[in-house]
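The values are calculated or read from the model by the stated rules, or taken from the named source; none is laboratory data. Remember, it's a predicted structure, so these values are computed and weren't measured experimentally. Here the Cβ positions follow ideal geometry from the backbone for every residue, glycine too, while neighbour counts run over all protein chains shown. When the accessible area is computed, the model is the full protein with side chains, heavy atoms only, and any ligands, DNA or RNA have been set aside. Shrake-Rupley method; radii C 1.70, N 1.55, O 1.52, S 1.80 Å.
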Amino acid sequence: LFILFWSFAGTAHAQGLYSGQRAGQLRDDNALKMPLRWCPPGDFVMGSPKDEPGRDDDETQHKVRLSRGFWLGETEVTQGQWKEVMGLTLRDQARKMLDDPRLYRIVGKYVTMREASNATGPDEIASVSAADAPNVPIYYVSWDEAMEFCRKLTARERAAKRLPRDAIYSLPTEAQWEYACRARTTTATYAGDMVVLGRNNAPVLNDIAWYG
């Protein structure tokens, strides 16, 4: 799953023409009708405090300044959008995943993606691509494939004169992603601090995500 964004690095005047007027402003003037939301320039504290539940060791808090605003995809790229640009379905992606011979470290072991997915038998493609629908996010996509999607979409939109010359579709940086997700909040989640009451029991997450 991945989120798309586009940013613009032209003159101040041109940036003004293509920037949003307010945080969260919507635009979908692209061939895919992909909704994008405006994230204005700003400062924030990236990372998390040492006493936050679930914190990783590399989340040291530090100030970050984003000098330019950017448009961020409202949702993950969907299977329909992926097929429109790449010509491949979720089942095509699943087949590539199952045929990948490389070993990946998963839960302390080196295994193939086929082994990790427990896919066996004649119905393996169906078993690993059950969420097959145009408006559901695409998955089984590598970073390289995601970037190729971005390059192709950028070329299409430029050719159609819907994208400024110096603008690109790409994957957001870690800082851009956290900045957008925080949306000016400073707590563990946008809905408030996270209190873990027990196994599979962190109430603030109930309306946000599946978790364990």
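Only a single criterion out of (1) under 26 Å from residue 170 (Cα atoms); (2) open to solvent by 60 Å² or more (accessible area, probe 1.4 Å); (3) at pLDDT below 90 is not satisfied by residue 135, namely (3). Among the residues of region 38-57, write down those that are in contact (Cβ under 8 Å) with a residue 40 or more places away in the chain, open to solvent by 20 Å² or more (accessible area, probe 1.4 Å) and in a loop (DSSP other than H, G, I, E, B). Across region 38-57, the qualifying residues are 52, 53, 54. Counting the residues of region 152-199 that are charged (D, E, K, R), farther than 22 Å from residue 50 by Cβ and surrounded by 14 or more Cβ atoms within 10 Å (Cβ to Cβ) gives 4. Could you list, ordered by first residue, the pairs with Cβ atoms under 8 Å in which the first is in region 173-188 and outside any helix (DSSP H, G or I) and the second is among the aromatic types (Phe, Trp, Tyr), at least 6 apart or interchain? Qualifying pairs under 8 Å: 183/190; 184/44. Does region 15-31 contain any residue that is open to solvent by less than 50 Å² (accessible area, probe 1.4 Å), closer than 19 Å to residue 74 by Cβ and modelled with pLDDT under 90? Within region 15-31 (the criterion being open to solvent by less than 50 Å² (accessible area, probe 1.4 Å), closer than 19 Å to residue 74 by Cβ and modelled with pLDDT under 90), the answer is yes, since at least one residue qualifies.
For region 114-126, indicate whether the set of residues that are in contact (Cβ under 8 Å) with a residue 12 or more places away in the chain, open to solvent by 50 Å² or more (accessible area, probe 1.4 Å) and basic (Lys, Arg) is non-empty. Yes; the residues of region 114-126 include at least one that is in contact (Cβ under 8 Å) with a residue 12 or more places away in the chain, open to solvent by 50 Å² or more (accessible area, probe 1.4 Å) and basic (Lys, Arg).
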